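Report on the structure given below.
The values are calculated or read from the model by the stated rules, or taken from the named source; none is laboratory data. Note that the structure is a prediction, hence the values are computed from the model and not measured. Every residue, glycine as well, gets a Cβ built from its backbone with ideal geometry; the counts of neighbours run over all protein chains shown. Quick note on the areas: whole protein, heavy atoms, side chains included, nothing else; ligands and nucleic acids left out. Shrake-Rupley method; radii C 1.70, N 1.55, O 1.52, S 1.80 Å.
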Amino acid sequence: MSPPTSITLINEELHVETALATDDTEDVPVNKKTSFNGRLNQYFHTSKNIPNPSIQDTLFKRKSESESNDQFSNDNDSNSKRRKKATSTTVLNLPQRITRSRSASSSPASFASPSPSPATEPSTPGRSRARRQPSSRKSTPTSSPVSLLRDTIPANLTLLLVGVNPGIMTGATGYVYAHPSNLYWKLLHWSGITAIRHPPSDTYRLPELYNIGNTNIVERPTRDASMLSKAEMDAGVPILEEKVAKQQPEAVCLVGKSIWEAVWRARKGRAIRKEEFRYGWQDESENMGRSEDWDGAPVFVATTTSGLAAGMSMAEKQAVWNELGKWVNSRRQAKKNTPSM
């Protein structure tokens, strides 16, 4: 059974009085009159021979402990902040990955050395665009002012082959139709004009081996013939006529439709019409290099050998060149059958 409320209030008063007083003799409450003759002993316990501190001392001690705990907590907080700051500084000092666009504060120059050189200019705030490194890849030039190619036009050739102009590789090497994609050397062999498929380096051996030579209507090298103007092509026609008249080959082969179109414009003052053009042998009136004592060389218009031209199939090109090859072989056979004087 729990004690009544009045007993509880008295109990609280006795607890205060007992805390302020000292009991050196017995483990019982001091005021027996208000404690019902000591019957409430069972609810209290007082240590013997141990003086109780005063309330003021207890409060002072608790205050001191609270202040020391607060100071310790503040020290821990400051230490934690220092550690976080040091960690963030370490993270910031790590080398950052360079991107195309970055702020000046994170530029690589700030991580190069702890003491920057006096000559180093301070970076300006804001975003700066990364410079592109120049590409090491070399682009193919569209034209070249220098050509190492030389004409091979000795007198009395069986066939003079006339190209448009040297390509970049031809001008650099000095060999006709030097680019691997060009069909010139293949078509010469397939048509029977040459016994084997010669490499471009045999350019200057062709007159000796087969009595055929090479020249061009324009000397300036370009990546392809479409880079030449009509005026430049037309200006080369009279020069070609002079070469033919001087060396007097038996026949002239124009390697490409555009060459014959330039010759037509130079002679007639107008462009050739579609119905007027044809591959193969042209009329005798169109002979090149005509003079008072010479009727000129017959003209054969062959297809272009450029790998960039896709207007005709390989079979169509080869058919045109085969016609020329038959004529060349017939002329060789005729010379063999003719006794030397």
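Model label points for residue 155 and residue 239, set 7 angstrom from Cα along the Cα-to-Cβ axis, are 2.4 nm apart.
When all protein chains stay in place and ligands, DNA and RNA are ignored, the 1.4 Å accessible-area order of 261, 286, largest first, is 261, 286.
Rg to Rh for the range 159-337: what is it, with Cα atoms only and Rh by Kirkwood?
0.93
For the range 159-337, the solvent-accessible area of protein heavy atoms averages 48 Å² per residue (probe radius 1.4 Å; ligands and nucleic acids excluded).
Accessible area of the range 159-337 with a 1.4 Å probe: how many percent of it is carbon plus sulfur? C and S atoms contribute 51 percent here.
Translational diffusion coefficient of the range 249-341 at 25 °C, 0.890 mPa s, Stokes-Einstein with Kirkwood Rh over Cα pairs, in µm²/s as a whole number.
Taking Rh from Cα pairs, D becomes 164 µm²/s.
Heavy-atom accessible surface of residue 255, to the nearest 10 Å², is about 10 Å², with a 1.4 Å probe and all protein chains retained. The listed residues 270, 205, 332, once ranked by accessible area (1.4 Å probe) with the largest placed first, stand as 205, 270, 332. The stretch between residue 326 and residue 271, if pulled fully straight at 0.36 nm per residue, gains 16.7 nm over its current Cα-Cα span.
Heavy-atom accessible area, probed at 1.4 angstrom with all protein chains present, ranks 150, 331 as 150, 331, highest first. Which percent, to the nearest 5, of DSSP beta bridges fully inside the range 159-337 are antiparallel? Once the DSSP bridges in the range 159-337 are tallied, antiparallel ones form about 25 percent. Using a cut-off of 15 Å between beta-carbons, work out the net charge of the residues near residue 272 (Lys and Arg +1, Asp and Glu -1, residue 272 not included). Once positives and negatives cancel, what remains is +3.
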